[in-house]
Every structure is written in C-alpha cells, then in structure tokens.
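> This is the structure I want to talk about, given as structure tokens.
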Amino acid sequence: MTFTVTHARLDGGPARLRLAGELDLSTAPELTAAIDRLAADGHRELLLDLTELTFCDSTGIAAFVRGDNLATAAGGWLRITGATGRVARVLRMTGLDEVLRYEAGRADPATPAAS
C-alpha cells in the first residue's frame, strides 16, 4: 500500500494535510517532512485529515505527537479529523482522539471545550 500526503490551505484557517494509505515506519518520515516544511514556512495551525488513512502504527502516532509539540512550541496547534476504523481505534486507545480532536467552529481547538 502506498502513502500520500497532500497539502491544502483552508480559507483563513489552518494548513490541511490529507493523509492516505498506511502510515508506518517506512512512511512516517514523509509526514514528518511535510509538517517540518509547513512549520518552516510559518504555518502554526495544522489540521491532519485522516479520512483516507487506512493504517497507523506507533511510528505514525509518534509523528502526530512530534508535530503537535512543534506547533505548540510555535504558539499554534496540530489537530486530527476524519479517522475511521482501525485508525480511530488506535487513536482512542492512545487517548490522542481527545488530545488532538478538531472541533470546527472553535477559534482555537487547542483550548478545552466549555462544559
């Protein structure tokens, strides 16, 4: 299975990376490089669309955490959306589904939602 990362800028919003295929030891460097390029270009808000991601191992999870740490250090955030199936299960098991959850309409998804 192949892995692709495509970039699109949302109108007035975060940079969006669409991930497709399998994110694992051999493909995680592609995601890390894409995040690093965006950070170097001054993008502080990153949204990862996982709708077409079919697999994610611990290396992929580490890439998400590293990207979030990088964005946070620059005063921004990294969030995920669209995970389904096995990918959603891994995110739930690690707790990242809550930590990196994206909620459209919130000005800063890095802040906790009001209860």
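> Using a basic spin-label model with each label point 7 Å from the Cα along Cα→Cβ, how many nm lie between T51 and D97?
Rounded to a tenth, the inter-label distance reads 1.9 nm.
> Would you mind calculating the relative contact order of the chain from Cα pairs under 8 angstrom and at least 6 residues apart, reporting the percent as a whole number? Let's see the in-between values first.
Numbers: 179 pairs, mean separation 25.9, N = 115.
That works out to 23 percent.
> A follow-up question, please. Residue separation times 0.36 nm, minus the C-alpha to C-alpha distance between T59 and D24: what's the value?
12.0 nm
> Let me ask another. Cβ under 14 Å from D97's Cβ, D97 left aside: what net charge do those residues give with Lys, Arg +1 and Asp, Glu -1?
Neighbourhood net charge equals +2.
> Output ³J(HN,Hα) for the stretch 72-86: one whole-Hz value per residue in order, computed from phi by the Karplus curve 6.51 cos²θ - 1.76 cosθ + 1.60 with θ = phi - 60°, and x for Gly and Pro.
With coefficients 6.51, -1.76 and 1.60, one gets 4, 4, 8, x, x, 7, 10, 9, 10, 8, x, 5, 9, x, 4 Hz.
> Also, quick follow-up: Using +1 at the C-beta of Lys and Arg and -1 at the C-beta of Asp and Glu, which of T6, G42, L100 has the Cα lying farthest in the positive direction of the dipole of the chain?
Checking the options against the dipole of the chain, the answer is L100.
> Continuing with this model, one more query. Per-residue HN-Hα couplings for the stretch 24-30, Karplus 6.51 cos²θ - 1.76 cosθ + 1.60 at θ = phi - 60°, whole Hz, x for Gly and Pro?
8, 3, 7, 10, 4, x, 5
> Something else about it: Viscosity 0.692 mPa s, temperature 37 °C: Stokes-Einstein D of the chain from its Kirkwood Cα radius, in µm² per second?
234 µm²/s
> Would you mind checking which residues have amide H under 5 Å from W77's amide H? H placed 1.01 Å from N; only 5 or more apart, or other chain.
The answer is E45, L46.
> Round to the nearest 0.05 the FRET efficiency obtained for N69 and R16 when R0 = 25 Å and r is the Cβ-Cβ distance.
Efficiency at R0 = 25 Å is approximately 0.80.
Every read-out reported here was derived from the displayed coordinates using simple, explicitly stated rules and does not represent laboratory data. Small disclaimer: the values here were computed from a predicted structure and weren't measured. Ideal geometry is used to build each Cβ from the backbone, glycine not excepted, and the neighbour counts take in all protein chains shown.
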